[in-house]
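The next block holds one structure in the form of structure tokens; read it before the comments.
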Amino acid sequence: MRGHSKQNTLAIVDYVGDDRERFAELMRVFFNGTKLHHQRAAWVISVVAETYPELTGKYLSRLVDQLPRRDVHEAVKRNIVRLLQFVPIPKRLEGKIYSHCLDLIGDPSETIGVKAFAISVAVSIAKSEPALMKELRSTAESMRENASPGIKVRLRGIF
């Protein structure tokens, strides 16, 4: 398998499945590989997490630490916030994840995909905390008028 494609990604996802050792190897590639490996592994990790969220548990904090970095490809951020929609977020990480999501939402240089997933994750965390939801509304208000269709759909969960 050469190249980067959905077909190759899904083949790797099938290979990893729910096998903890294979997932650990995927995480080693993600954290220790080249920037290209980092980028490509992120997509696989997010798809595996969708079906087997329990595999991400011990790696979650290190994955979240990638979000504020400026030296990672946007696909890495996009796939990390995407996987955060599917995994249980421990209480100890909620504040950190929420804060990173607000930063991503408010960053004018961030891509639509990253922002859209960040909105969903932030809403998920804030929905039980009125003060957080108020803060999220305030952050999102400025983007509401000129938002892309994808962002507008996500903003419905806030307003």
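Before moving on, here are some points about what is shown:
- Surface share of carbon and sulfur [accessible, 1.4 angstrom probe, percent] for the range 1-77: 49 percent
- Modelled label positions at S5 and E141, each set 7 Å beyond Cα in the direction of Cβ, lie 4.9 nm from each other.
- Hz values of 3J(HN,Hα) by residue in the range 53-63 - Karplus curve (6.51, -1.76, 1.60), Gly and Pro given as x: x, 5, 5, 7, x, 6, 9, 4, 4, 5, 5
- GNM top mover of K127, K77, K58 - the chain, alpha-carbon springs below 10 Å: K58
- Residues of type aspartates and glutamates that K58 reaches as a straight line, Cα spacing below 19 Å, ignoring anything fewer than 8 places off in the same chain: D18, D19, E21, E25, E50, E94
- Residue with peak Gaussian network fluctuation, the chain [Cα springs, cutoff 10 Å], from A42, A131, A118: A131
- The range 131-159 and the range 1-59 have Cα centres separated by 31 Å.
- Highest mobility in the GNM of the chain, judged by mean-square fluctuation with C-alpha springs under 10 Å and restricted to L132, L104, L84, is found for L132.
- An oblate overall shape is assigned to the range 1-109, the ratio a/c of its alpha-carbon gyration tensor axes (a ≥ b ≥ c) being 1.5 or greater and a/b not exceeding b/c.
The values are calculated or read from the model by the stated rules, or taken from the named source; none is laboratory data. Since we're looking at a predicted model, the values are computed, not measured. Please note: Cβ atoms are built from the backbone with ideal geometry, for glycine as well, and neighbour counts cover all protein chains shown. Areas reflect the complete protein model, heavy atoms only, side chains present, ligands, DNA and RNA absent. Shrake-Rupley method; radii C 1.70, N 1.55, O 1.52, S 1.80 Å.
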